[in-house]
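Here is the structure we will look at.
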Amino acid sequence: MAAIPLAARCRIQGSAYRRAQRKEEGAASEETPYGPFVDAVEVECTEGAQPSTVHFIRPAALLWKTTENSARFMALLRSCGLSHDAEAQPTGQICIYLDDVVPGNSLRQDGGRKYVAVYWALLSLPQWFLASQHGWFPLCMLPRKVYKKLRGGMSQLCAVLLRQFFEPGAGNFTDGIMLTHAAQPVVLLKCKFLCWLADADAFPAISGCKTTSGTHPCGCCRFIVGRCTPAEIPVGSAMVHYTCSDVGRWNCWASADLLDLHRHLALQWAEVQAGRLEPTAFQKLEQEVGYNYLAHGILGSDMAIHADLPESVFYDWMHTLVASGGVAQYEVNQLLRRLFAGRSKENKQLLWAKLQQFQGQIVFPKGEPRKQIDLEQRYVAKPDKHVRMFAAEVLKAVVVLGAFCEAVLKPAGALKKEIECFELLVRILYLLRAGPHAVRRVVLLNQLVHEHHKLFCKLYPGSAKIKVHILLHIPMLIARFGCNLSCFVTERKHRESKQIGAFAFNKWTLTMLRRCLLLHLDRSQESEFAAPFYLCGAKPIDWGVVLQRSYGLSLHGRPEGFQRQGRSLKTMVGEVHLQDLVLVVRDGGIAAGFAQDFFESADGTCWCALSFLYPLGGNIFGTELGRRTDAIVLADRIAMRVPYMQEDGRLCALCSNDVMSQLVREAQPALGDA
């Protein structure tokens, strides 16, 4: 199957399809020391329904095969301290992600083609690996109509899947799994479960807590309430509105307390079954505590101790801030609404044209969406509404509006408080997008989030939905788990199964699961798998062209023996393309330059040829050709890719000073941490 690309596999038909199907079935049932790759378990359904078959990929078998295929991945595990002694305690950390997905037309109203996709990752691995699709392993894909029939719904499914990691016997991650590759020393990997990554809608399905539209909209906080205004909460009550930023008043649930609550609800439900308690009284009790009783859910299973709910909940900042209904979506819309309020039709048209022209002056890295956003079409001219944009478009809109506020609105003295609030949002998003730098500046991030929360709730009270409260959790979660996670990478990974699912109908989720397994195994055999740096589109070096450039002579004389060049370079901060502006750690500081070429030496080391700009102070650089210097730097010196604006020989790198200062600190370790 390795020779058949993904697009071709999706459209295999006739006898070729049957041959491919037999190969898939054979590969999926291949035996490993931990059983076959794809296995199944019968799960109890609602009364009157037959048990449902849930297919899944055995985590231990997949990890064993991945290390057998990839020496680099094996070395990565060992370098992260994941090789344990027989008596050592588990240090590996497992994260499980799940989300509903629709292949084909994602806007169709019915859920006939909807399925849940479940992936898992080892959070002990580096952040750059977790930000790639290689870092997330497929676990299960199940139609919505199937998991809805389970007696405990999604919560029961989560217990079944968690059992595949920690059920006694072979493949138990607590006791450890043996991983081998050729002649390398054997690795004994021991792991514990750390967190669930999902959006706010998924956590009620996992734990049984009330949804975000309920009286208790946050499953992590006992005393947070919604469906009322702050003024409607009685004086002296322990309850606080979700717009309250005083963490000390939230009274967050501990995992042990939640298990006690579940046992109490079980006793009360037994009273209902015996006729000694009215069902309405039991429903009122569920409303008061903020949790539904799920007899067959994860809290009532043998996996409750591993699940560690709700302390294992990791709210995703992508859905909280920039996806549909996110805080940034509301703020972008309300800022535009106030900017255009009270203007005549002619003035509005002129301002829209000016805003679009300003957007056209910003050059984004080539890996980001190139098409300009028609802000006028995405804007909703109504109070307390959010813009109609995808998450990636919101990220772009925040950069554009942040620069517009700084260059145009702020000097004019317009909308001072609104601009102050938006600048805080810009700083928050720049930090969150900086990956591991957000972990190192989490104290600052927490401060910015709280300042933004207070100002946002004051300026836009009608737009202060429950996600403003969830946003307050995110810095605390980053500090607790020691990593900065978002669903951008897992949303990208959905493309694999969606592309397959669009052409699969009979046993379609099983087909997707098998083919995603084969895709992963194919990739694990590639030389680039688990590599922090590698060339894309590599080819022999065209010396006739390269030697004509200013850096060509120095390249030709290098002892490393450069052999290949590429059209782009994969790095720990993303894919760098030709003419992208990158910030580079150089001479104990940060320099900016345009990417000119990418090379690989004989030992596999990657290099980037850059045309360096000269600094003019802060994030401003000069672009005059006569004063530029060309040089070749190691790929690991690239700190980040940034958008920019250029005019009259001056270039402004659109990057937060918070991130720039952190890069300088890391370039000069003696300065220490903030």
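The values are calculated or read from the model by the stated rules, or taken from the named source; none is laboratory data. Predicted model only: the values in this text are computed from it and were never measured. Cβ coordinates were reconstructed from backbone atoms using ideal geometry, including for glycine residues, and neighbour counts include every protein chain displayed. Just the protein is used for accessible areas: all its heavy atoms, side chains included, with ligands, DNA and RNA removed. Shrake-Rupley method; radii C 1.70, N 1.55, O 1.52, S 1.80 Å.
Worth pointing out:
- Qualifying residue in segment 171-187 (condition: under 25 Å from Asp316 (Cβ atoms), in contact (Cβ under 8 Å) with a residue 24 or more places away in the chain and not polar (S, T, N, Q)): yes
- For segment 264-297, the candidate set comprises residues that are of a type in the set (D, E, K, R) and over 25 Å from Tyr147 (Cβ atoms); within that set, the residue that is most open to solvent (accessible area, probe 1.4 Å) is Arg276.
- Enumeration of residues in segment 327-385 that are more than 24 Å from the chain's Cα centre (by Cα) and of a type in the set (Asp, Glu): Glu346, Asp374, Glu376, Asp384
Every residue, every condition in (1) open to solvent by 40 Å² or more (accessible area, probe 1.4 Å); (2) of a type outside the set (A, V, I, L, M); (3) more than 22 Å from Gly325 (Cβ to Cβ), yes or no:
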| position | (1), (2), (3) |
| --- | --- |
| Val380 | no, no, no |
| Asp384 | yes, yes, no |
| Phe390 | yes, yes, no |
| Leu401 | no, no, no |
| Leu409 | no, no, yes |
| Glu423 | yes, yes, yes |
| Val426 | no, no, no |
| Val442 | no, no, yes |
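- Single residue of segment 193-209 satisfying the filter (at pLDDT below 90 and not small (Gly, Ala, Ser)) that is least open to solvent (accessible area, probe 1.4 Å): Asp199
- Test result for Lys366, without any contact (Cβ under 8 Å) to a residue 40 or more places away in the chain, surrounded by fewer than 20 Cβ atoms within 10 Å (Cβ to Cβ) and part of a loop (DSSP other than H, G, I, E, B): no
- Within segment 229-240, the presence of at least one residue that is free of Cβ contacts under 8 Å to residues at least 12 places away in the same chain, over 18 Å from Met303 (Cβ atoms) and surrounded by 15 or more Cβ atoms within 10 Å (Cβ to Cβ) is confirmed.
- Any hit, segment 394-410, residues being assigned to a helix (DSSP H, G or I) and more than 25 Å from Cys652 (Cβ to Cβ): no
- Residue check for Glu47: in contact with a helix residue (DSSP H, G or I) (Cβ under 9 Å, 6 or more places away or on another chain) and open to solvent by 30 Å² or more (accessible area, probe 1.4 Å): no
- Qualifying residue in segment 470-492 (condition: touching a Phe, Trp or Tyr at 6+ places or on another chain (Cβ under 6 Å), assigned to a helix (DSSP H, G or I), open to solvent by less than 40 Å² (accessible area, probe 1.4 Å) and not hydrophobic (A, V, I, L, M, F, W, C)): yes
- Candidate set from segment 454-467 (those that are part of a helix (DSSP H, G or I) and open to solvent by 10 Å² or more (accessible area, probe 1.4 Å)); member that is nearest to Leu424 (Cα to Cα): Leu455
- Complete set of residues in segment 63-100 that are in contact (Cβ under 8 Å) with a residue 24 or more places away in the chain, farther than 25 Å from Val160 by Cβ and not hydrophobic (A, V, I, L, M, F, W, C): Thr67, Glu68, Asn69, Ser70, Arg72, Arg78, Gly81, Ser83, His84, Asp85, Gln89, Thr91
- Residues (open to solvent by less than 40 Å² (accessible area, probe 1.4 Å) and under 15 Å from Leu521 (Cβ atoms)) located in segment 50-59: Ile57, Pro59
Table: residues versus (1) assigned to a strand (DSSP E or B); (2) in contact (Cβ under 8 Å) with a residue 24 or more places away in the chain; (3) surrounded by fewer than 17 Cβ atoms within 10 Å (Cβ to Cβ).
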| site | (1), (2), (3) |
| --- | --- |
| Lys570 | yes, yes, no |
| Gln579 | no, yes, yes |
| Val584 | yes, yes, no |
| Phe594 | yes, no, no |
| Phe599 | yes, yes, no |
| Cys608 | yes, yes, no |
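- Segment 303-318 - residue that is on the phi < 0 side of the Ramachandran plot and charged (D, E, K, R) and, of those, least open to solvent (accessible area, probe 1.4 Å): Asp316
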